[in-house]
Amino acid sequence: MRADTWQAVDVPSPQTLDEPDRRLVAGWAADCAERVLAVFEAEAPDEPRARDGVERARRFARGELDAASQIRDRFIAGRAAQAAASPAGKAAARAAGQASGVAHMGAHALGAAAFAALAAELAAPGRGGRDESIWQLAHMSEPVQAALRRLPLLGEDRSGPLGPGLLASGALGAHIERIQAALAQR
């Protein structure tokens, strides 16, 4: 089924997760994005959209915001990447954008983690991405792990961010595959 027909027949994408699971993984995604937010803010200290995206993800996780309002605003934080000068700064802003998108689709949590790891690697080549991956896996609660295990493997479903496209390729895809492999072993 094409991704744009999921909503037409009112069948959720397997990448969506139910709302309680999205709230769980939104907190973890916000934590991942916040760890690299300083990389972005060093380049664009007067640009509030990335930090706002992380805060909105946290507020959604706590139940303070509804999914509908966050679905409408999910792209705002990612647009902050235009204010960054470096690839690391852009990746950090995109991590915030992915975190804010979790209210819409749970799979964006893996996007937030992947962009955070990419930002860390670009900011500290040779160790940043590896260190970030270790931190991300160590800071997943059991409920977050269980929710993320419910997502299809990267490339198995075309109806969301884990389908073919940006998150499925290069360093981003490799990071998501590492997370999913680690989750399968737990």
Kindly indicate whether any position in the range 61-73 is farther than 20 Å from residue 173 by Cα and touching an Asp or Glu at 6+ places or on another chain (Cβ under 8 Å). yes
Hey, residue 161 outside any helix (DSSP H, G or I) and either among the aromatic types (Phe, Trp, Tyr) or out of contact with any helix residue (DSSP H, G or I) (no Cβ under 9 Å at 6 or more places or on another chain) (or both) or not: no
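Conditions (1) in contact with a Phe, Trp or Tyr (Cβ under 7 Å, 6 or more places away or on another chain); (2) open to solvent by 60 Å² or more (accessible area, probe 1.4 Å), marked per residue:
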site: 115; (1), (2): no, no
site: 118; (1), (2): no, no
site: 122; (1), (2): no, yes
site: 140; (1), (2): yes, no
site: 143; (1), (2): no, yes
site: 155; (1), (2): no, no
site: 163; (1), (2): no, no
site: 184; (1), (2): no, yes
Kindly check whether there is at least one residue in the range 60-83 that is in contact with a helix residue (DSSP H, G or I) (Cβ under 9 Å, 6 or more places away or on another chain), of a type in the set (Phe, Trp, Tyr), in a helix (DSSP H, G or I) and open to solvent by 10 Å² or more (accessible area, probe 1.4 Å). no
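The values are calculated or read from the model by the stated rules, or taken from the named source; none is laboratory data. None of the values given here were measured: they were computed from a predicted structure. Positions of Cβ are backbone-derived with ideal geometry, glycine not excepted, and every protein chain shown enters the neighbour counts. Surface accessibility is based on the protein's heavy atoms, side chains included, excluding ligands, DNA and RNA. Shrake-Rupley method; radii C 1.70, N 1.55, O 1.52, S 1.80 Å.
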